[in-house]
Amino acid sequence: MRRLGDFMKKIALLGCTGSIGSQVISVIERYPEKFKIVSLSANDNAKKLEELINKFKPKTAVLTNAEKLSEIKEVPKETTLYYGQNALLHAVSEEADVIFVAVSGYAGYKVVKHALTLNKTVALANKESLVAGGEIISKIKTGKIIPVDSEHSAIWQCLDFNKEREFKKLIITASGGAFRTLSKAEIATLPAEKALNHPTWKMGKKITIDCATMMNKGFEVIEAKWLFNCPLEKIQVVVHPQSVVHSMVSFSDGVTMAQTSYPSMEIPIQLALTYPERLPTSVEDFDFYGKSLTFEKVNFEKFPCFNLALNAQKQGGNAPCALNGANERAVSKYLNGEIGFYGISDSIEYVLSKISKTDDLSDYVLDKTDKDARNLVDEYFRNK
């Protein structure tokens, strides 16, 4: 007789202490009979990682920031703890059914690539991996990616969970971020604290700044290109301040399908875990009565990061990787109060004009491109 545990999905959760990772934990705790955590990773939050290790007793755990290792005092004997920046691949457990990638930034690229080569299902909440290395990842024919971003999950659902289904156009919605209604002059003076006041979503700091600059939406266009094998000219972005329609798909017969819900990452996170099942969440059904849903064009002048992203993708080669590395560095500087809002786009434009372009997308070249892009951001502000 088979045990109930044999029917559980085994989950490797990379980035377990961040905003997305914490919500993944909540879903797993809601349905403990359906999931077993076999691997966990975190970057800085060692104490939270230790707490989760002792709660779920995974076979493998990784702390990438080795300087925080001393904060972990005790782990169960059944858990092997690895540490250091190069240890993250250990978290891609071979016994896992789903590798949930919730790490932030370029660090996700090699993880996703490795998981796919192991023929794993990757629940992808790390868009940077497809921005930096989508051309390489798209050529891997083993494994599969389930999108976790609300926009791409919405598209996937509108395509009836079939990424090969034909369509005419993808329409990705954007909230417009914290500064949507302000003038360029007003935006230029505002610190990161103001940009972090997102009107509809609760997310981590870095992605919330990316929403304010509209870089996040540029990244999502690139992500959609690779996820759905779609040319850029067939992807449209519209600003939808209410964040109720998460994306739409137009078909050749004049029909456009939309996925709607209250803005909550719980829905796409849980769907990525439970697919092909749909199970109850804590999110209420959307009440359409008395509501107004509006749609606007993107203001490219106020938010130049959007076109910087698209232009980098059109250049191809290592340009999108440079875009991502430069953005990570510039956003960090903005969050630290070192630069103004438009210093982000100005420095990225500088990087894209200076970076050595190549079509060689080996790991060595992408690692070097990422490092060079970050250094060029520093150079830009040193020379100002």
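The numbers here are math on the coordinates, done by the rules we state, and not lab data. This structure is a prediction, so every number in the text was calculated from the model and none was measured. Every residue, glycine as well, gets a Cβ built from its backbone with ideal geometry; the counts of neighbours run over all protein chains shown.
Extension gain, THR117 to SER282: 0.36 nm times the residue separation minus the Cα-Cα distance gives 55.9 nm. Every Cα-Cα pair of the stretch 151-303 was included, and the share exceeding 18 Å stands at 60 percent. For the chain, the 222 nm mean residue ellipticity estimated from helices alone, with every DSSP H stretch of n ≥ 4 adding -39500 (n - 2.57) and the total spread over all residues, rounds to -12000 deg cm²/dmol. Here the simple spin-label model places points 7 Å from the Cα toward Cβ, and for LEU196 and LEU69 these points are separated by 3.0 nm. When you count the other C-beta atoms within 10 angstrom of each residue and take the mean per peptide, 353-365, 316-328, 222-234, 56-68 line up highest first as 316-328, 56-68, 222-234, 353-365. Would you please state which residues of the stretch 288-305 a label at LYS384 would reach in this model, taking the label point 7 Å out along Cα→Cβ and a backbone N cut-off of under 19 Å? In the stretch 288-305, the label zone of LYS384 (backbone N under 19 Å from the point 7 Å along Cα→Cβ) covers 302-305. The DSSP beta bridges internal to the chain are antiparallel in roughly 25% of cases.
Prolate is the label for the stretch 316-384. Its Cα gyration tensor axes, ordered a ≥ b ≥ c, give a/c of at least 1.5 and a/b above b/c. The modelled label-to-label distance between LEU232 and ASN54, using points 7 Å beyond Cα along the C-beta direction, is 5.1 nm.
Between LYS9 and TYR364, the simple label model (points 7 Å from Cα in the Cβ direction) yields a spacing of 3.9 nm. What is the stretch 4-148 by shape, rounded, prolate or oblate, if you read a ≥ b ≥ c off the alpha carbon gyration tensor as root eigenvalues and call it rounded for a/c under 1.5, prolate for a/b larger than b/c, and oblate otherwise? In terms of gyration-tensor shape, oblate.
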